[in-house]
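Since the structure comes first, as structure tokens, the remarks are kept for the end.
The values are calculated or read from the model by the stated rules, or taken from the named source; none is laboratory data. Please read these numbers as outputs of a predicted model, since none were measured by experiment. Ideal geometry is used to build each Cβ from the backbone, glycine not excepted, and the neighbour counts take in all protein chains shown. Remember, those area values only see protein heavy atoms, side chains included, never the ligands or the DNA or RNA. Shrake-Rupley method; radii C 1.70, N 1.55, O 1.52, S 1.80 Å.
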Amino acid sequence: MSEPLRLGIAGLGTVGVGVVRIIRQQAALLQARTGREVVITAVSARSKDKDRGVALSDYAWENDPVALAKRNDVDVFVELMGGDAGPAKDATEAALATGKDVVTANKAMLAIHGQALAETAEAAGLVIGYEAAVAGGIPVMKALTEGLAGNEITRVMGVMNGTCNYILTQMQATRQGYNALFAEADKLGYLEADPNLDVGGIDAGHKLALLSSVAFGTVVDFDAVELEGIQNITLEDIDAAHDMGFRIKLLGVAQKTGRGLEQRMSPCLVPSNSPLGQLEGGTNMVVIEGDAVGQIVLRGAGAGEGPTASAVLSDIVDIARGVRLPTFGQPANTLTKARAAKAAVPAPYYIRMQLVDKPGALAKVAAVLGDAGVSINRMRQYDHDDTSAPVLIVTHKTSRTALDEALANMDASVVLGAPVAIRIETVD
Ligand code: HSE
């Protein structure tokens with residue numbers, strides 16, 4: 001029987017407690033699966049005295065995560081504090097400097113400092129596991145690095161922020177506006193300490209940057225992710241999109257194009273009857289397309305104690321078994337620096353505008369679109385109120401530049417206010 005694998009866990013919030021619970025409750029199962037005992041030797045968190053509903057007295061306590069990371073009786077440093085810099089990064093670097101493997105759920109730290117940390121780890125023969133950082137309980141990093149290793153990946157897409165998907169789907173279900181659902185998500189404790197991480201698309205953007213690096217063999221580049229949050233999505237657009245056969249999702253898309261690597265995290269329309277369109281509430285979904293395998297759809301809980309701890313355990317079990325893969329699926333010094341695509345590949349767009357009720361108004365709109373080379377696929381006009389009517393247009397594929405040109409040239413005497421335009425992502 002091999003030596004026990006000794007863990008030091010920094011951060012005893014929801015996920016940390018979940019990891020302690022699984023290790024205590026599933027000791028026999030983990031030993032059977034890895035051929036060795038998996039034990040916790042020391043833990044660290046901000047407050048020692050807080051009752052976390054799990055027994056911690058068997059473990060040494062460290063107030064300082066860096067001290068925990070450096071302990072001689074720790075083989076694997078499990079970082080569950082969060083934050084892209086500060087104690088999480090300091091302690092991770094200390095762990096690598098003292099020969100520890102690292103398991104983390106910290107998407108922000110890896111999306112921003114992943115390349116440097118991976119190079120440090122690999123130079124020392126160490127691993128950094130972060131299954132829990134992307135889409136919670138969904139084993140998506142494993143799917144990419146192992147299950148789909150024989151594929152050239154053509155596109156990765158995902159709904160990877162449960163809070164945003166909860167807000168958007170509940171807006172439709174309860175007929176309430178964005179602000180009411182934001183307040184409800186807050187009350188339910190769904191929002192990050194900085195809610196902009198959720199609703200501004202940043203948290204999901206971090207996850208997309210990590211997926212993109214592994215999928216395309218490129219240096220992780222969060223700054224190149226085009227970000228747009230869900231703050232401006234209205235119930236009116238959710239309803240209008242539904243009427244045209246779509247749902248609005250905060251969707252991440254990464255794909256290699258002739259013009260560079262495209263990485264977008266933004267509200268998009270997807271067909272209502274597609275797997276992404278049917279995704280309800282706080283659930284996550286990642287869609288991976290590979291040249292040999294075709295399309296894979298992974299769906300599951302993207303957050304929460306059990307699901308996220310389950311993902312942390314998968315990395316711990318790998319290390320216990322001796323499975324040692326490079327951080328981004330291939331050695332960090334072989335990752336290429338991708339040129340960021342300046343503009344997204346052409347796509348159909350949904351346009352909603354308020355049109356003045358007078359002869360020739362619609363013809364003027366059609367002419368402006370036509371002049372910019374934007375072709376109309378479908379159109380719907382609703383009943384007029386006294387003087388105006390909402391018009392919905394679904395275009396054929398067009399570049400965003402051509403569309404923006406058309407929208408800027410709309411005649412203010414027939415189009416009231418600013419038109420809304422949202423990209424439609426083609427998914428089978
Ligand atoms: N706040 C995230 C979400 C979970 O709502 O999905 C952690 O990344």
- [ ] Identify, from the list 313, 279, 325, 269, the residue that is away from the ligand (no atom under 16 Å from the Cβ), within 26 Å of residue 235 (Cβ to Cβ), modelled with pLDDT of 95 or more and among the hydrophobic types (A, V, I, L, M, F, W, C).
- [x] 269
Task: Within the stretch 343-428, strands (runs of 3 or more DSSP E) holding 2 or more residues that are of a type outside the set (Val, Ile, Thr) and open to solvent by less than 10 Å² (accessible area, probe 1.4 Å) - done: 349-356, 388-395
TODO: Those residues that are of a type in the set (Lys, Arg) and part of a loop (DSSP other than H, G, I, E, B), I need them from the stretch 65-105; list them, please.
DONE: 71, 100
Task: Identity of the residue in the stretch 128-159, part of a loop (DSSP other than H, G, I, E, B) and not small (Gly, Ala, Ser), that ends up nearest to the ligand (Cβ to nearest atom) - done: 134
Open item on the list: Quick check on my filter: what residues within the stretch 378-408 are of a type in the set (Asp, Glu) and more than 15 Å from residue 423 (Cβ to Cβ)?
Closed with: 383, 385, 386, 405
TODO: List the number of the failed condition for residue 357; all other conditions in (1) modelled with pLDDT of 95 or more; (2) in contact with a His (Cβ under 7 Å, 6 or more places away or on another chain) hold.
DONE: (1)
Task: Filter result (under 17 Å from residue 323 (Cα atoms) and open to solvent by 10 Å² or more (accessible area, probe 1.4 Å)) within the stretch 2-29 - done: 2, 3, 4, 6
Open item on the list: Take the conditions on the phi < 0 side of the Ramachandran plot, open to solvent by 60 Å² or more (accessible area, probe 1.4 Å) and over 28 Å from the mean Cα position of the chain (by Cα) and apply them to residue 333. Does it pass?
Closed with: no
TODO: Considering each residue of the stretch 212-237, count those that are under 26 Å from residue 272 (Cα atoms), away from the ligand (no atom under 16 Å from the Cβ), open to solvent by less than 10 Å² (accessible area, probe 1.4 Å) and of a type outside the set (Gly, Ala, Ser), and give that number.
DONE: 1
- [ ] Select from the stretch 169-211 the residues that are more than 10 Å from the ligand (Cβ to nearest atom) and closer than 15 Å to residue 285 by Cα and write down the one among them that is surrounded by the fewest Cβ atoms within 10 Å (Cβ to Cβ).
- [x] 169
- [ ] Please find, within the stretch 279-321, the residue that is nearest to the chain's Cα centre (by Cα) out of those that are open to solvent by 50 Å² or more (accessible area, probe 1.4 Å) and of a type outside the set (A, V, I, L, M, F, W, C).
- [x] 299
Task: All helices (runs of 4 or more DSSP H) inside the stretch 173-254 with 2 or more residues being without any contact (Cβ under 8 Å) to a residue 12 or more places away in the chain and not β-branched (Val, Ile, Thr) - done: 178-187
TODO: Report, by residue number, each residue of the stretch 12-52 that is within 21 Å of residue 64 (Cα to Cα) and basic (Lys, Arg).
DONE: 46, 48, 50, 52
Open item on the list: Restricting to the stretch 255-275, name every residue that is more than 24 Å from residue 182 (Cβ to Cβ) and assigned to a strand (DSSP E or B).
Closed with: 255, 256, 257, 260, 261, 262, 263, 271
TODO: Scan 104, 92, 120, 98 and give me the residue that is closer than 28 Å to residue 71 by Cβ and either within 16 Å of the ligand (Cβ to nearest atom) or at pLDDT below 95 (or both).
DONE: 104
